[in-house]
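Below is a structure I'd like to ask you about.
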Amino acid sequence: MKNRTRALALAGSAALVATLVAAAPAPAAPAAAKLASVHGGGAIFFPYSPKDDIRFTVDAESDPWTRPFPAQGGEKGLPTDARGRVTVYHYWPETGSTGVAEAEVDCMVTGGKTATITAVVTSSNVGWEGKRIGISVQDGERGGPDRVGFSWAIANVDVKPDGSAAEPRVGTCMAPAPFTEVTKGGFKVTPAPLAPRPEPAS
C-alpha cells in the first residue's frame with residue numbers, strides 16, 4: 001500500500017512539474033539594438049543676421065555598417081552610418097529672397113542629448129548640390145532651449161598659405177557645437193551607443 005501511495009505521489013509531482021513547464025512563458029527574444037535618431041524642426045536666432053528667418057528640419061536615424069568602403073579591404077562601413085533628410089531654409093527680408101537646400105543624411109553620432117549629423121545636398125537654389133553640410137542638434141533639458149549649430153557662415157574656414165580664406169570640405173559627422181538657440185519648434189534627440197562591429201561572414 002505504501003509503495004502504491006508513493007508511486008501515486010511521484011506521478012502527481014511529475015504531472016505538476018510538466019504542467020508548470022508547459023505554462024511557463026517562452027524565453028524572450030534578444031532585444032534589438034537601440035538606434036539613435038533625431039526628429040523635429042525649428043527656427044533659430046542667428047545674432048549676425050537677427051532679422052533673417054532661418055529654419056532647419058531634421059529626420060535622421062542610425063543605419064550602422066551600411067556604407068561600405070570597398071577600397072579598405074571590404075570594410076562594411078562605419079558605426080555612425082545613418083539615413084534620413086535635412087532641410088535648410090533661409091529667408092533674407094532685406095532682399096526678399098529665400099534659399100532652400102535638401103540633403104541626404106550620411107552620418108550621425110550622439111552623446112547624451114546632443115547629436116552631430118552630416119548630409120549631402122541633393123537639391124538647392126543656392127548652388128550647394130553635392131556639398132556635404134554639418135548640423136549639430138541639442139535637445140534642451142531642464143527647461144533649457146534646444147540648440148542648433150551648422151558648418152558654414154562662422155565655422156569651417158581654412159587659411160591658405162597666401163593668407164586667403166577657403167571653405168574646406170566637411171567630413172562625415174563633422175559639425176561645430178550647437179551655438180544658436182531654437183526660438184520656435186524643437187527637436188527630439190534619442191541617443192544610443194555606437195553599434196558593435198558586425199561578425200565576419202563565415
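When you go through 122, 118 one by one, which is the residue that is at negative phi, of a type in the set (S, T, N, Q), part of a strand (DSSP E or B) and in contact with a Gly (Cβ under 7 Å, 6 or more places away or on another chain)?
118
Conditions first: (1) at positive phi; (2) open to solvent by less than 30 Å² (accessible area, probe 1.4 Å). Residue 82 passes all but one, so which condition is the exception?
(1)
Follow-up question, since we're still on this one. Considering only segment 45-68, state which residues are under 20 Å from the mean Cα position of the chain (by Cα) and surrounded by 15 or more Cβ atoms within 10 Å (Cβ to Cβ).
Scanning segment 45-68 gives 55, 56, 57, 58, 59, 60, 61, 62, 63, 64, 65, 67.
Still on this structure, please answer the following. Could you tell me whether segment 26-36 includes any residue that is at pLDDT 90 or above and within 21 Å of residue 196 (Cα to Cα)?
Among the residues of segment 26-36, at least one is at pLDDT 90 or above and within 21 Å of residue 196 (Cα to Cα), which makes the answer yes.
Mind checking which pairs have a first residue in segment 47-69 that is in a loop (DSSP other than H, G, I, E, B) and a second that is open to solvent by less than 60 Å² (accessible area, probe 1.4 Å) and charged (D, E, K, R), Cβ under 8 Å, 6 or more apart or different chains?
63/81; 64/81; 65/81; 66/81; 67/81; 67/106; 68/75
What pairs come up if the first residue lies in segment 116-130 and is under 22 Å from residue 81 (Cα atoms), the second is of a type in the set (Lys, Arg), and their beta carbons are under 6 Å apart, counting only those six or more places apart or on different chains?
Final answer for the pair search is 118/132; 120/132; 121/131.
Name the pairs whose Cβ atoms lie under 6 Å apart, with the first residue in segment 178-202 and within 12 Å of residue 113 (Cβ to Cβ) and without any contact (Cβ under 8 Å) to a residue 40 or more places away in the chain, the second of a type outside the set (S, T, N, Q) and surrounded by 13 or more Cβ atoms within 10 Å (Cβ to Cβ), and 6 or more positions between them or separate chains?
none
Where the second residue is open to solvent by less than 100 Å² (accessible area, probe 1.4 Å) and modelled with pLDDT under 95 and the first is over 17 Å from residue 110 (Cβ atoms) and of a type in the set (Val, Ile, Thr) and lies in segment 158-176, which pairs have Cβ atoms under 8 Å and are six or more apart or on separate chains?
Listed pairs, sorted by first residue: 159/165; 159/166; 170/156.
For the list (1) assigned to a strand (DSSP E or B); (2) hydroxyl-bearing (Ser, Thr, Tyr); (3) within 26 Å of residue 191 (Cα to Cα), I need the number of the one condition that residue 98 fails.
If we test residue 98 against (1) assigned to a strand (DSSP E or B); (2) hydroxyl-bearing (Ser, Thr, Tyr); (3) within 26 Å of residue 191 (Cα to Cα), just (3) comes out false.
The values are calculated or read from the model by the stated rules, or taken from the named source; none is laboratory data. Remember, it's a predicted structure, so these values are computed and weren't measured experimentally. Glycine also receives a Cβ, built like all others from the backbone with ideal geometry; neighbour counts cover every protein chain displayed. Accessible surface is based on the protein model in full, side chains and every heavy atom, while ligands, DNA and RNA are left aside. Shrake-Rupley method; radii C 1.70, N 1.55, O 1.52, S 1.80 Å.
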